[in-house]
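Here is the structure we will look at, set down as structure tokens.
Every number in this text was worked out from the coordinates using simple rules, so none of it is lab data. As the structure is a prediction and not an experimental result, all values here were calculated from the model. Neighbour counts run over all protein chains shown; Cβ positions are idealised from the backbone, glycine included.
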Amino acid sequence: MDYLFDYLLFLAQAVTVVVAILMVMSAIASLSMKRQHAEGGHLEVKKLNERLQHLKDGVRQAVLHPSQFKKVHKQDAKANKKEAKEQKKADRKSADRKSAEESGADRKSAEESGADRKSAEESG
């Protein structure tokens, strides 16, 4: 009976050691997985505009008379077309402004380098 008690005590100690080692290993693995995941971040962006526009059209179609829906749909299409045209014009205008600023900066740096050459020639 004494041997059985000693054997069970040994078995309990061995299981405790194995469980402790497994817990440490799992903690290390978890930390390494988190670190790998943090380095390779991922961001996903979804456009909801079209989906919401389709939902809005579906509700309007269900609520309005077909002729009224057609009229409202045409008005929305015209407004969207006009807005896209204005956005394109604004984008073009900002691109022109940006290129003008860049060419002005290039011109300024060229003038500065020319002035540096003149001062170097005068001193040399």
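Brief remarks follow.
- Cα-projected label distance for Asp76 with Ser32, points at 7 Å along beta-carbon direction, nm: 5.4 nm
- Extending 7 Å from Cα along the Cβ direction at Lys98 and again at Val19 yields two label points whose distance is 6.2 nm.
- Per-residue ³J(HN,Hα) for the stretch 71-87, Karplus 6.51 cos²θ - 1.76 cosθ + 1.60, θ = phi - 60°, Hz, x for Gly and Pro: 5, 5, 5, 5, 5, 5, 5, 5, 5, 5, 5, 5, 5, 5, 5, 5, 5
- Global geometry of the stretch 1-104, whether rounded, prolate or oblate, following the gyration tensor of its Cα atoms and the 1.5 cut on a/c: oblate
- Neighbour net charge for Asp91 - beta-carbon separation under 13 angstrom, K R +1, D E -1: +4
- Distance violations [Cα-Cα > 32 Å] among Lys47/Lys82; Lys34/Lys56; Lys56/Lys89; Lys56/Lys98; Lys47/Lys85: Lys34/Lys56; Lys56/Lys98
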